[in-house]
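Note sheet for the following structure.
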């Protein structure tokens, strides 16, 4: 897919990987709709950056944990931008706690934001993509979803639900020329990692990540853009983790 004059809706686009993806896709010619709970200075900054690249950008307030809100964000993006070609779901957040510590409320909310939102966003966006005759969906899983995560059972479970959804939907939509893929980030330096203590950061770099550095949001954004633009990749979940998930020692 060539991105020039295409429309991309990015949830969680005000910060982190979502913000980097918005700028990367705009750099390649796409107009951007950002759907995010945060519509203050962070979203305004991303909007300004996209517009400075000569592309259109709108910010749509929305809570991806609310099914009606998720669908509404798609409808508003279509109304404001004239259609939708690309859907990227980056909204989410950490869900700490082992099985005995995580609350029931946090468990169910994690499914709402990370899993149920994907279902509702895709259902809302697909009719418009089918009208266009092509489309690309990129979801954000996690290395935690591929390998598990000590002390974050809910997060590992909801992110682990993404790869089978990607495979099933990609097969379902192949005849409609709509591709579905996911990325599985490891340790990416965003505010998601701000809770880590210096000694934990040091241990990650020295002992957990074979490339011995944390990832940048731009690293993930470039992979997202590649999955959007490469017309012969579908049904895949690709780790971007500096080699962390391949370690056996």
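Values quoted throughout were computed directly from the atomic coordinates according to the rules given, and no laboratory measurement underlies them. The structure displayed is predicted, hence computed values, not measured ones. FYI the Cβ positions are ideal-geometry reconstructions off the backbone, even for glycines, and counts take in every protein chain you see.
As a footprinting exposure proxy, order 31, 241 by other Cβ within 10 Å, with the fewest listed first.
31, 241
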How large is Rg/Rh for the stretch 1-128, to two decimals, with Cα atoms and a Kirkwood Rh?
1.01
Taking 8 Å as the Cα distance limit and 6 or more residues as the minimum spacing, I'd like the relative contact order of the chain as a percentage.
19 percent
Residues 101, 134 in order from fewest to most other beta-carbon atoms within 10 Å are 101, 134
Contour minus Cα-Cα span, residue 44 to residue 123, at 0.36 nm per residue, comes to 25.6 nm
Set the Förster radius R0 to 45 Å, insert the Cβ-Cβ distance between residue 202 and residue 175 as r into 1/(1 + (r/R0)^6), and round the FRET efficiency to 0.05.
0.35
Tell me, what is a quarter of the convex hull surface for the C-alpha atoms of the chain, in nm² with one decimal?
12.9 nm²
Cut-off is 10 Å between beta-carbons; in what order do 120, 114, 89 appear when sorted fewest neighbours first?
120, 89, 114
